[in-house]
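Working notes for the structure below.
The values are calculated or read from the model by the stated rules, or taken from the named source; none is laboratory data. Remember, it's a predicted structure, so these values are computed and weren't measured experimentally. In this analysis, Cβ positions are derived from the backbone assuming ideal geometry, glycine residues included, and neighbour counts consider all displayed protein chains. Keep in mind that these areas ignore ligands, DNA and RNA; they rest on the heavy atoms of the full protein, side chains included. Shrake-Rupley method; radii C 1.70, N 1.55, O 1.52, S 1.80 Å.
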Amino acid sequence: MLLYLVSLSQPVYSEGKRLPGWWSAVGPGGEEMAGGHSNNGMAHGIAGPLSVLSLAARHGVLVPGQHEAIEVFARWLDRYGGHYWTTRAHLDAAEPPEPGPARPSWCYGRPGIARAQQLAALALGDRARRQTAEDTVVRTLTEPAHLARITDATLCHGWAGLVTLARAVAADSPAPERFAPLINDLQQRLATDLDQLSKPGFMEGRSGAQLALDGTNATNWTSVLLIT
């Protein structure tokens, strides 16, 4: 599997245009999209493979080209990671359009991507990238315009995912104390909204949200989210 993920770092060509190796000819939901897209999210896009390769490297599990692939994916997200996905129009522009406020979730959005970037930095020994990733988490999760877009307590795109991410980022930071107020705030928001979840499931239901609220990880369940 790692070799396949590394292979995605090699470019492909379509109609004479150089595209990233993970480019999809269709849209995020399989719908027709002129020119296709690159998905950037943790759950649906290249941030997920970046996390997997980086976590494997931190545990000494390596295949040829792995570090180079981590750099390719991380540099892409440096440029385009402010958007849920990248279109041909983004590629053709001199600079990507400035992203507006967006839901800061695990599945899509800046916190999930920032965790992937932090993991990449740890795998590569890149202190500047780690600092940038951690600053992004703090800035995003203290910005009211972003937090106002969270509407539920779920792991996938709600408070449970954010508090789990924040704990993981803090655990790998040389300054974990800067995340403590942020984590406390997210826990309170999660506790307030937990009873409003109608589903019993893991990603979008009460079970996953309760795991996040409890804050324990004895079974390493957070690895399912590609963040540990």
Select from Ala153, Ala123, Ala94 the residue whose mean-square fluctuation is largest in a Gaussian network model of the chain (Cα-Cα springs shorter than 10 Å).
Ala94
Classify the range 1-140: rounded, prolate or oblate, from the alpha-carbon gyration tensor (a ≥ b ≥ c, eigenvalue square roots; a/c under 1.5 rounded; otherwise prolate if a/b is larger than b/c)?
oblate
Accessible surface, the chain, averaged per residue in Å² (probe 1.4 Å)
47 Å²
Spin-label point model (7 Å from Cα, Cβ direction): what's the Val63 to Ser7 distance in nm?
0.8 nm
Quick one: with all protein chains in place, what share of the accessible area of the chain is carbon or sulfur, to the nearest percent (1.4 Å probe)?
54 percent
In degrees, nearest ten, helix 159-171 long axis to first principal axis of the chain (Cα):
80 degrees
Cα-centred dipole magnitude for the range 42-145, charges only on beta-carbon of K, R (+1) and D, E (-1), debye, nearest 20:
240 debye
In whole Hz, the Karplus estimates of ³J(HN,Hα) for the range 64-72 (6.51, -1.76, 1.60; θ = phi - 60°; x where Gly or Pro) are x, x, 5, 5, 5, 5, 4, 5, 4
Principal-axis tilt of helix 110-124 within the chain, Cα atoms, nearest 10 degrees:
70 degrees
For n ≥ 4 DSSP H runs only, could you compute -39500 (n - 2.57) per run for the chain, divide by its residues and tell me the 222 nm figure to the nearest 500?
-14000 deg cm²/dmol
Which one, Ile70, Leu55, Cys107, is farthest towards the positive end of the dipole of the range 21-118 when Lys and Arg carry +1 and Asp and Glu -1 on their Cβ?
Leu55
Cα centroid distance between the range 83-104 and the range 122-193, in Å?
22 Å
